[in-house]
Amino acid sequence: MSLAALDSRAPHRSPAPGLRPAPPAGPAATAPGQNPRLRAVPEGTEARGFVLYVGLDEKKAAAAGIDLGRLVSELKRVAADLAPGAETHAAVALAPAGAGGRDVDVVRLALQDPAALARYRRTEPAPEKPVEGVVIDISRKRVVLDGETSPLTYKEFELLQYLVLREGRTVERAELISALWADAAEGDDVPNERTIDVHVRRLRSKLEGYEDIVRTVRGAGYRFDRHADVSIRYASTPSPDFF
């Protein structure tokens with residue numbers, strides 16, 4: 001599976017050998033003075049949907065008189081009105097405060113846009129020498145302890161990442177369950193508020209001497225506490241949170 005691009009500016013060209021033009025996108029896609037269309041689609045493939053990358057942080061949205069949650073809901077509603085059979089799924093890209101960069105580039109990297117990833121890899125800095133302490137590498141989904149990669153499972157890393165992205169805030173057990181096991185299939189081992197402690201205990205055991213970065217807040221939940229020897233790497237962007 002791959003991506004094609006929507007091109008509203010390029011002049012008309014005959015398709016290259018072995019390629020066929022995509023079918024017309026419909027009346028809604030042809031604004032006056034423009035002719036948006038899919039770029040040539042390889043033979044044997046078909047368009048199954050599209051991704052619209054929207055670069056807009058919370059402050060800019062608020063200045064425009066709308067919040068991101070409402071904007072997402074409105075865009076999904078428009079899609080449903082124009083094409084009742086359309087299925088939609090929205091995700092919001094998260095980045096550390098003050099990370100900089102263009103909003104739309106952050107979104108494209110977080111959602112694994114192939115062109116954005118290729119551009120990023122061409123400019124990625126050379127690997128740094130191992131350092132003492134903890135490195136939580138969000139983009140590569142790994143934790144390095146004193147230069148050695150910790151054998152965290154996918155779910156253990158997701159648990160740690162959820163706390164890291166909410167640094168300084170106590171996260172209740174119920175929130176962890178609803179966020180990290182929301183897509184669990186029937187029959188999967190979904191923890192309750194008591195057994196979530198087991199998952200946290202397993203995570204801490206793999207953090208070895210740095211286990212106290214995941215702190216228990218008695219009667220409330222868990223919190224990520226950053227120490228001087230803990231660094232977090234956002235080489236691209238954190239995993240998106242979903243609507």
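Can you name every residue in the range 159-178 that is open to solvent by less than 70 Å² (accessible area, probe 1.4 Å), in contact (Cβ under 8 Å) with a residue 24 or more places away in the chain and not hydroxyl-bearing (Ser, Thr, Tyr)? Give the steps one after another, and end with the answer.
Narrowing the range 159-178 to residues open to solvent by less than 70 Å² (accessible area, probe 1.4 Å): 159-166, 168, 170-171, 173-177.
Going one step further and asking which of them are in contact (Cβ under 8 Å) with a residue 24 or more places away in the chain, we end up with 159-161, 163-166, 168, 170-171, 173, 175-176.
Within the range 159-178, Leu159, Leu160, Gln161, Leu163, Val164, Leu165, Arg166, Gly168, Val171, Arg173, Glu175, Leu176 meet the criteria.
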Breaking point among (1) part of a helix (DSSP H, G or I); (2) more than 18 Å from Pro96 (Cβ to Cβ); (3) among the acidic types (Asp, Glu), for Glu193
(1)
If the Cβ limit is 8 Å and pairs must be 6+ apart or interchain, which residue in the range 90-109 that is without any contact (Cβ under 8 Å) to a residue 24 or more places away in the chain pairs with which residue that is open to solvent by 40 Å² or more (accessible area, probe 1.4 Å) and of a type in the set (S, T, N, Q)?
none
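Go through the range 194-212 and count every residue that is among the polar types (S, T, N, Q) and open to solvent by 70 Å² or more (accessible area, probe 1.4 Å).
To start, the set of residues in the range 194-212 that are among the polar types (S, T, N, Q) comprises 195, 205.
Of the ones still in play, those that are also open to solvent by 70 Å² or more (accessible area, probe 1.4 Å) are 205.
Residues in the range 194-212 being among the polar types (S, T, N, Q) and open to solvent by 70 Å² or more (accessible area, probe 1.4 Å): 1 in total.
Outside any helix (DSSP H, G or I), open to solvent by 90 Å² or more (accessible area, probe 1.4 Å), at pLDDT 85 or above and on the phi < 0 side of the Ramachandran plot: is that true of Arg215 in this structure? Quick ask: steps written out before the conclusion?
Numbers: outside any helix (DSSP H, G or I): yes; open to solvent by 90 Å² or more (accessible area, probe 1.4 Å): yes; at pLDDT 85 or above: yes; on the phi < 0 side of the Ramachandran plot: yes.
Here the answer is yes, as Arg215 does meet what is asked.
The values are calculated or read from the model by the stated rules, or taken from the named source; none is laboratory data. The model shown is predicted, which means the values in this text are computed figures rather than measured ones. Note that we place each Cβ from the backbone using ideal geometry, even for glycine, and neighbour counts take in every protein chain shown. We work out accessible area using only protein heavy atoms, side chains counted, and drop any ligands, DNA or RNA first. Shrake-Rupley method; radii C 1.70, N 1.55, O 1.52, S 1.80 Å.
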